[in-house]
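Visitor: Just dropping this structure here.
Bear in mind these aren't lab numbers, they're just calculated from the coordinates by the rules spelled out. Note that this is a predicted model, so its numbers are computed, not measured. Here the Cβ is made from the backbone with ideal geometry for all residues, glycine too, and neighbour counts use every protein chain on show.
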């Protein structure tokens with residue numbers, strides 16, 4: 001257990017007391033009269049579809065844990081679904097913002113950084129490696145992040161823990177599957193205007209229709225945004241257009257085509273030193289005019305698009321064929337003058353860095369599903385083959401550096417593009433052959449198991465050295481788990497899961513690095529009162545990563561794979577309707593993240609950047625009677641202490657944040673006001689080792705919106 005565990009921290013003890021009281025209140029309210037709610041979004045005619053928007057703050061089915069889709073209560077893993085209702089109520093600007101109330105997730109862990117959606121799951125930095133969209137890979141490729149705007153999102157599924165059987169290589173924390181908005185067989189249209197902090201203006205439109213025969217439906221979603229963030233001169237501009245077309249010639253066949261085009265002008269992050277920590281306090285703190293600014297050299301501009309389809313054909317009542325396919329491409333222009341530590345007692349070192357690249361991802365997943373009976377039990381067997389090719393082609397430049405005095409900091413100097421130190425093309429191919437089985441017995445027990453063989457190969461063409469390098473890896477991963485519906489709303493579960501990530505490079509002997517492996521044991525309990533749109537859940541987990549890279553003690557300039565880390569902890573979650581008018585989301589996580597083996601002198605330390613406690617509470621109240629149409633929402637988020645480095649030499653303090661949402665709907669209109677970080681709390685999202693500074697968290701953001709349905 002961490003040396004900063006719960007008993008040693010009185011203020012956290014008060015927090016846990018408050019959270020425990022909240023859970024007890026939720027359990028008590030769960031005994032009230034059942035509440036019937038209708039889904040706010042229906043995809044096709046299937047209200048329990050694993051890709052629908054859900055009902056209120058809960059969803060009945062998911063593809064997380066089993067690709068064919070099963071009831072969420074039968075997944076023997078911790079799964080959270082961020083529903084269409086939650087997205088509408090909280091109006092997140094980025095995907096990472098949408099995750100802020102999810103247990104086990106530390107959202108925006110890199111602070112004010114718009115380049116990627118970044119977050120940690122169960123203490124593992126997962127944002128750039130664990131994002132999928134519609135069940136297909138959407139990971140960052142080098143500096144190309146393929147960001148998705150929440151305006152084109154129906155729901156978000158978060159599966160915590162290793163996902164090797166589902167998707168092959170991925171970090172131990174888990175994955176996020178973004179479900180795109182898709183056509184509905186009805187006529188609808190909604191327009192929206194927004195204005196917010198930093199002069200940010202946005203206009204959005206979402207509309208669709210279907211033919212009279214009910215065999216063809218379409219949807220168009222688009223927005224344009226012009227604005228900035230807390231950093232003076234930083235851009236936050238976006239142009240987005242997305243479309244969907246569903247063709248359902250029979251009740252057994254359906255094909256949905258999905259595509260989008262997106263242009264972004266965003267801002268990179270900015271670490272800066274802290275007086276008294278990175279340099280002598282007598283020199284004074286850096287002025288706000290410098291802290292809240294960046295050099296005009298900085299930019300992060302992208303232009304990308306995607307096109308694909310999701311097809312399903314039911315051959316008969318037992319056999320179903322599916323295929324999901326997508327091709328994505330993005331051009332990235334990235335310039336950054338960034339702080340890189342104290343060059344001396346009084347001077348900050350900055351370096352100019354550039355990236356000009358094109359990245360693409362092709363992914364296809366083909367599945368065969370057979371449903372039948374096995375000894376009186378309902379059995380679903382799913383076998384599949386998926387393939388992904390990711391290519392990144394471009395250059396990276398790195399300059400000689402610039403010095404800025406902490407006593408007189410300014411950006412009044414010119415910066416030009418540095419020379420290239422990277423000019424290469426990298427192609428990575430991933431192939432996976434997998435099988436999953438889900439058996440539901442008559443006594444309420446459901447067993448899910450899976451096995452996958454993955455093959456990964458990469459080839460890098462280095463144009464500077466006129467050389468080509470290759471690496472090949474393979475891995476066999478398994479998972480097994482069971483849930484038991486006791487018939488009174490209680491569903492305990494237990495599971496074991498494996499995962500892996502690849503490592504590019506070789507040891508001193510020249511042997512290529514093997515994949516880093518992960519395995520997880522998890523037990524949990526769900527409680528869903530009969531007839532209630534409410535779910536309470538708890539999970540205990542223990543995740544171990546082996547074959548972690550660490551310094552070679554015999555050859556310090558090289559690495560060996562003798563490192564190991566272990567993350568274990570507790571997660572609590574409650575989401576749904578407490579009363580007919582009051583909805584709630586509650587989450588709490590305790591994570592003990594320990595470096596168990598290392599040659600870098602940090603064995604026994606806490607893993608860097610992992611908060612020991614995370615908590616969040618969101619309440620949303622809908623008025624009735626004379627005030628019908630008025631909604632008040634508010635939330636509190638807590639992020640506990642963490643260490644900036646594995647040496648545990650620098651602590652990152654904990655913080656509370658408050659959010660507020662107010663809306664009023666009448667006829668076809670809705671006006672809303674949303675505020676995040678209500679009290680404009682100044683805090684460090686994370687820090688590095690001493691002299692390398694910290695990055696600030698996001699300040700108060702205010703958004704006023706007016707929407708109308710047509």
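Visitor: Could you calculate the FRET efficiency of residue 490 with residue 313 from 1/(1 + (r/R0)^6), where r is the beta carbon distance between them and R0 is 41 Å, rounded to 0.05?
Guide: After rounding, the FRET efficiency stands at 0.60.
Visitor: When the convex hull of the C-alpha atoms of segment 511-562 is computed, what volume per residue in Å³ does it have?
Guide: Here the figure is 114 Å³ per residue.
Visitor: Something else about it: Can you put 139, 187 in order of Cβ neighbours within 10 angstrom, beginning with the fewest?
Guide: By the 10 Å Cβ count, ascending: 187, 139.
Visitor: Roughly what percent of Cα-Cα pairs across segment 137-251 reach past 22 Å?
Guide: Summing the P(r) of segment 137-251 above 22 Å gives 54 percent of all pairs.
Visitor: What value in Å³ per residue do you get for the convex hull of the alpha-carbon atoms in segment 475-531?
Guide: About 91 Å³ per residue, rounded to a whole number.
Visitor: Let me ask you something else. What FRET efficiency comes out for the pair residue 232/residue 689, r = Cβ-Cβ distance, R0 = 35 Å, nearest 0.05?
Guide: So the FRET efficiency works out to roughly 0.80.
Visitor: Find the centroid of the Cα atoms in segment 115-176 and in segment 533-550, then give the distance between the two in whole Å.
Guide: So the separation of the two Cα centres works out to 16 Å.
Visitor: Next up: Can you compute the modelled spin-label distance between residue 385 and residue 345, with each label point 7 Å from Cα toward Cβ, in nm?
Guide: Here the answer is 6.8 nm between the modelled labels.
Visitor: Quick check: Cα centre of segment 446-470 to Cα centre of segment 52-72, how many Å?
Guide: 31
Visitor: Further question on the same structure: Over all distinct alpha-carbon pairs, what is the Kirkwood Rh of segment 484-623 in angstrom?
Guide: Evaluated over segment 484-623, this radius sits at 18.1 Å.
Visitor: What spacing in nm lies between the two simple spin-label points modelled at residue 463 and residue 252, each 7 Å away from Cα in the Cβ direction?
Guide: 5.2
Visitor: Continuing with this model, one more query. Please report Rg over Rh for segment 38-172, where both radii come from the alpha carbon positions and Rh follows the Kirkwood definition.
Guide: 0.94
Visitor: Gain in length, residue 512 to residue 333, computed as 0.36 nm per residue apart minus the alpha-carbon separation, to one decimal in nm?
Guide: Separation in residues times 0.36 nm, less the Cα-Cα distance, equals 61.2 nm.
Visitor: Follow-up question, since we're still on this one. Calculate the tail of P(r) for segment 126-177: the fraction of all Cα-Cα distances greater than 16 Å, expressed in %.
Guide: 36
Visitor: So what's segment 430-480 giving for Cα Rg divided by 2.2 N^0.38 Å, two decimals?
Guide: Values: Rg = 19.3 Å, N = 51, 2.2 N^0.38 = 9.8 Å.
Normalised Cα radius of gyration, segment 430-480: 1.97.
Visitor: What ranking, highest mean first, results for peptides 103-116, 212-225, 550-563, 578-591 when packing means the other Cβ atoms within 10 Å averaged over each residue?
Guide: Per-residue Cβ counts within 10 Å, averaged per peptide and sorted highest first, yield 103-116, 578-591, 212-225, 550-563.
Visitor: Give me the orientation-averaged projected area of the Cα convex hull of segment 85-164, in nm², one decimal.
Guide: Spelled out: convex hull of the Cα atoms, projected over all directions, averaged, 5.3 nm².
Visitor: Using alpha carbon coordinates only, what is the Rg to Rh ratio of segment 426-544, with Rh defined as the Kirkwood radius?
Guide: Ratio value, two decimals: 1.19.
Visitor: Can you sort 687, 694 by how many other beta carbons sit within 10 Å, fewest first?
Guide: 694, 687
Visitor: Which of rounded, prolate or oblate describes the chain when judged by the alpha-carbon gyration tensor and an a/c cut-off of 1.5? Please list the in-between numbers first.
Guide: Values: a/c = 1.35, a/b = 1.24, b/c = 1.09.
Judged from the Cα gyration tensor, the chain comes out rounded (a/c under 1.5).
Visitor: Now for a different question. Sort 642, 466, 180 by Cβ crowding within 10 Å, fewest neighbours at the top.
Guide: In order of increasing Cβ crowding within 10 Å: 466, 180, 642.
Visitor: Shifting gears a bit: Would you mind listing how long segment 161-217 runs along its three principal axes, going by Cα atoms, in whole Å with the largest first?
Guide: Rounded to whole Å, the extents work out to 47, 43, 12 Å.
Visitor: Note the per residue figure in Å³ for the convex hull of the C-alpha positions in segment 352-404.
Guide: 135
Visitor: Still on this structure, please answer the following. Give, in nm to one decimal, the length gained when the segment between residue 368 and residue 562 is fully stretched (0.36 nm per residue of separation minus the Cα-Cα distance).
Guide: Contour length minus the Cα-Cα distance gives 65.9 nm.
Visitor: Let me ask another. Using only the alpha carbons of segment 551-594, determine the length spanned along each of the three principal axes and report them from longest to shortest in whole angstroms.
Guide: 66, 15, 10
Visitor: Report the Stokes-Einstein translational diffusion coefficient (µm² s⁻¹, integer) for segment 619-710, Rh taken as the Kirkwood radius over Cα pairs, at 25 °C with viscosity 0.890 mPa s.
Guide: Value of D from the Cα-based Kirkwood radius: 156 µm²/s.
Visitor: So how far apart, in nm, are the two label points at residue 582 and residue 680 if each is 7 Å from Cα heading toward Cβ?
Guide: 3.2
Visitor: Need the full-extension length gain, residue 416 to residue 630, defined as separation in residues times 0.36 nm minus the C-alpha distance. One decimal, nm.
Guide: Roughly 71.7 nm would be gained on extension.
Visitor: Which FRET efficiency value, to the nearest 0.05, do you get for residue 504 and residue 283 by plugging their Cβ-Cβ distance into 1/(1 + (r/R0)^6) with R0 = 51 Å?
Guide: Details: r = 41 Å, r/R0 = 0.81.
About 0.80, to the nearest 0.05.
Visitor: Any idea how far the Cα center of segment 558-617 sits from the one of segment 287-302, in Å?
Guide: Answer, in whole Å: 32.
Visitor: For segment 188-299, what Kirkwood radius comes out of the mean inverse Cα-Cα distance, in Å?
Guide: On the way: mean 1/r = 0.0556 Å⁻¹.
Result for segment 188-299, one decimal place: 18.0 Å.
Visitor: With N denoting the number of residues in segment 315-376, provide Rg(C-alpha) divided by 2.2 N^0.38 Å, to two decimal places. Before the final figure, lay out the partial values.
Guide: Values: Rg = 26.1 Å, N = 62, 2.2 N^0.38 = 10.6 Å.
That works out to 2.47 for segment 315-376.
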